[in-house]
1. Can you compute the FRET efficiency between residue 431 and residue 73 using 1/(1 + (r/R0)^6), with r the Cβ-Cβ distance and R0 = 56 Å? Round to the nearest 0.05.
2. Based on the Cβ-Cβ distance of residue 13 and residue 136, what FRET efficiency does E = 1/(1 + (r/R0)^6) give at R0 = 51 Å, to the nearest 0.05?
3. Could you check the simple spin-label distance between residue 245 and residue 262, using points 7 Å along Cα→Cβ, in nm with one decimal?
4. All other residues with a Cβ under 12 Å from the Cβ of residue 353 taken together, and with Lys, Arg as +1 and Asp, Glu as -1, what is their net charge?
5. Grab the other residues whose beta carbon is less than 10 angstrom from that of residue 151, score K and R as +1, D and E as -1, and report the net.
6. Grab the other residues whose beta carbon is less than 9 angstrom from that of residue 459, score K and R as +1, D and E as -1, and report the net.
7. Compare the Cα positions of 19, 295, 363 along the charge dipole of the chain (+1 at Cβ of Lys, Arg; -1 at Cβ of Asp, Glu; about the Cα centre) and return the one farthest towards the positive end.
8. Determine the calculated [θ] at 222 nm for the chain from helices alone, applying -39500 (n - 2.57) to every DSSP H run no shorter than 4 residues and normalising by the residue count; nearest 500 deg cm²/dmol.
Amino acid sequence: MNKVFASPAQAIADINDGATIAIAGFSVGHRFATSLILALREKGTKELCLVCNSLGDPGATRGQILAENKQVKKLIAAFSVRPGTPTASEDQIIAGEMAVELVPQGILVERCRAGGAGIPAFYSPTSVGTALAEGREIREFDGKPHVLERAIHVDYAFLRGYRADLLGNVQFRGGSQNFNPSFAKAARVAIVEVDEIVEPGVIPPELINLPGIFVSRVVKTTEKFDLWRRPERRPSDKPRLYNGKPGLTRAGIAKNAARLVRDGTYVNLGVGIPTMVSNYLVERDVILHAENGVLGYGRMLSEEHEVDPDIYNAAGQFVALKPGASFFDSVTSFEMARGGRIDTVILGAYEVDQSGSVANWSTADAKRGGIGGAMDLLSGKGDLIIVMEHSDSKGRPKLRRKCTYPLTGKGCVNYVVTDLALLRWHDGRFVLDEVAPGFTPTEVVKLTEMEIAVGPEVRTME
């Protein structure tokens with residue numbers, strides 16, 4: 001048995017108009033099946049339905065270049081748009097040329113896993129109480145509501161591995177398993193692009209992460225990716241002014257959030273300010289979890305000589321590993337979250353309201369936004385710490401009486417850390433425990449739209 005194809009073009013030659021294709025990959029560009037995606041663009045196949053985490057930024061050798069080439073009819077993804085990043089796909093979504101089904105990241109991989117396992121549907125607590133659950137079948141189990149989720153089946157899956165043998169057995173490196181196993185299992189034809197193709201037996205059995213029974217075709221990559229030329233968002237850390245005085249920097253927010261993390265716990269850090277928290281937990285007895293499939297990472301890295309390109313956090317930032325770290329796929333990652341194994345989740349947000357609800361995935365509607373893994377993370381049992389500026393870039397309040405944007409979760413926030421305040425949920429309301437240096441509790445209350453109580457001994461944040 002030999003599953004090797006001579007070229008990416010030959011491997012995708014039978015993909016016809018109207019096919020459904022799952023494209024695996026998470027954030028870091030060198031672990032996408034770029035050779036297969038480029039070959040599909042050249043083939044010009046139309047009316048495609050793409051299943052993926054996101055299409056990527058403009059010009060990225062991911063699903064976005066297929067959208068730019070007007071080849072995509074429907075998108076099933078955890079991200080359809082990203083704030084401040086105009087794309088051809090967003091233009092097509094607004095124009096009604098591209099249909100969208102937004103799916104929480106953990107549910108996306110679970111639906112694909114179910115499809116591969118012959119399970120037609122399942123119930124999940126994720127997305128209950130949000131716009132995504134509207135009009136859906138909901139049943140109660142053990143007194144809690146759950147949403148019906150249907151399995152996903154695809155015609156083809158584009159996978160990206162480190163190496164494979166002639167039989168289709170695949171080895172991944174580091175935190176790069178992510179969506180690959182679940183997408184492969186959901187596919188009628190799974191095609192894997194790898195750095196190296198070897199003879200059967202070269203990959204030790206215990207290092208085979210995806211057995212060849214799930215893989216139909218193997219092809220060697222023809223594209224090289226320069227990690228040091230990939231675009232990176234580097235937001236300013238200049239503090240915002242309130243009443244003419246500076247609040248905390250983003251790093252200051254992260255430092256104060258880190259103080260709330262208990263020793264001996266497992267912690268998930270979201271994208272943005274939350275990723276900076278890892279730099280303040282390096283010497284702590286805390287194990288960090290990343291949705292892409294890493295448990296036990298440490299500080300962020302920036303020097304080329306320190307970096308392993310397959311070790312990165314959920315934001316795609318390269319990180320160091322701590323002793324005892326482990327790697328796994330996205331299905332396992334979200335089992336940890338929804339199963340209540342994560343003790344604390346730290347996320348950014350657009351808004352938090354006085355009922356403890358949070359909105360962090362869309363400023364538009366249920367078709368345009370980026371859910372990522374947030375809804376899955378909130379369906380677990382851990383504490384939720386929200387980190388964000390006190391107001392947005394236009395001076396509008398982010399601590400609201402009632403959220404104006406689509407909800408990520410209802411009544412789930414335990415702490416809020418902003419550049420002006422530290423708020424704690426207690427007895428059905430938020431209590432002001434700390435204020436930024438140079439500010440008084442009275443000033444902070446006046447700068448806050450939601451109703452908050454002032455603690456008996458308000459301290460100064462670090």
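Every number in this text was worked out from the coordinates using simple rules, so none of it is lab data. Fair warning: this is a prediction, and the values are worked out from it, not measured in the lab. So basically every Cβ, Gly included, is an ideal-geometry build from the backbone, and we count neighbours across all protein chains shown.
1. 0.65
2. Computed FRET efficiency for residue 13 and residue 136: 0.85.
3. So the label points at residue 245 and residue 262 sit 3.4 nm apart.
4. +3
5. For residues surrounding residue 151, the net value is +1.
6. Local charge sum for residue 459: -3.
7. Farthest towards the positive pole: 363.
8. Mean residue ellipticity, 222 nm, calculated: -4500 deg cm²/dmol.
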